[in-house]
Every structure is written in structure tokens, then in C-alpha cells.
1. Residues that are open to solvent by 30 Å² or more (accessible area, probe 1.4 Å), more than 11 Å from the chain's Cα centre (by Cα) and within 15 Å of SER21 (Cα to Cα): does region 74-91 have at least one?
2. Could you tell me whether region 62-74 includes any residue that is closer than 19 Å to LEU132 by Cβ, in contact with a Lys or Arg (Cβ under 8 Å, 6 or more places away or on another chain) and in a strand (DSSP E or B)?
3. Cβ-Cβ under 6 Å, sequence separation 6+ or interchain: first residue in region 41-62 and touching a residue at least 40 places away in the same chain (Cβ under 8 Å) and of a type in the set (A, V, I, L, M, F, W, C), partner open to solvent by 50 Å² or more (accessible area, probe 1.4 Å) and in a strand (DSSP E or B). Which pairs?
4. Please go through region 81-133 and give me each residue that is in contact (Cβ under 8 Å) with a residue 24 or more places away in the chain, in a loop (DSSP other than H, G, I, E, B) and either hydrophobic (A, V, I, L, M, F, W, C) or under 21 Å from ASP62 (Cβ atoms) (or both), ordered by number.
Amino acid sequence: DFLTKNKRKKVEVPQDDGEPSWLRCHIRVKIINKNLEGGKFYLKKAEVVDVNTYKVCSVLLDNGKLVSNIPQKDLETALPKKGGRVVVLLGNFKGQRGKLIDRLSNTGEGVIQLNEDFSLQNLSLDSFAEYLGAEDDED
């Protein structure tokens, strides 16, 4: 039959490390893998421009270089300065955008004012990132 003749190709999916996927386009990240490209991208900041597959993305470095097939485990979220735009990546407010009001380093949290209802939320610093997309993007 048709399905047997046209078997689907297997897509390489990274081993699940138990961490939830937080990758999305238009967020700012920092490369934390010292071995990637011989270390020349270590601690460089970039924008996620495409999420290729589960937990794998392409990023555009601040110097304009496009780097593909970066696993999520090689990245960490980058945060804006106070007053900067953010998007929530994990938890109850996932997908909502807002503004960083304050960083509470002693608790590892940030105070975010959500655009949707203007409420203030204390969220883990790992659960949001600087948002670089257009103000009216619906991604």
C-alpha cells in the first residue's frame, strides 16, 4: 500500500534530557558550549531565527554570522536590561510577553509586567528571555 511504499524518513531527535523545550524564534540566547566551533562562539549572544526540530535551532550571532543546528543544551536564555521586552518560555504564562521590571538576584527571579493584563509576576530567571521580535508579532 501507499504507506509501505513511502516510508517516512527518520528525523534525528536529540536524546531527551528531561528538560522542557523552551526554544522559540526571536529570543536572545547565549552560547554556553565551550567546544562548539572550537570555542569561538563561547559566551556569544545571538537571536534564535529558526527552530529546526525539537530542541535544535539556528541562531544569528550579533556579528551577523548564521550558525545552524545548535542544540538547546548548548544555549541559555539572555535577559534584557530593566525595562526591556521579554517573552515567557515556561510555566503558566508561557508565550506571554511583557517587560522586565526588576531582577531579584537573591531569589533567582525576575519581576515581569505582562502585556496582556499588566499584572506583575515573579518568575524564575530561567523561564523567560529577551524578546527581539516585532511588538505586534503573533508567533
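The values are calculated or read from the model by the stated rules, or taken from the named source; none is laboratory data. For clarity, every value in this text was computed on a predicted model and none was experimentally measured. Reconstructed Cβ throughout: ideal geometry from the backbone, glycine too, with neighbour counts over all protein chains shown. We work out accessible area using only protein heavy atoms, side chains counted, and drop any ligands, DNA or RNA first. Shrake-Rupley method; radii C 1.70, N 1.55, O 1.52, S 1.80 Å.
1. Checking region 74-91: at least one residue is open to solvent by 30 Å² or more (accessible area, probe 1.4 Å), more than 11 Å from the chain's Cα centre (by Cα) and within 15 Å of SER21 (Cα to Cα).
2. No - not one qualifying residue is present in region 62-74.
3. VAL56/ASN69
4. Residues satisfying the conditions are GLY84, LEU89, LEU90, PHE93, LEU132, GLY133.
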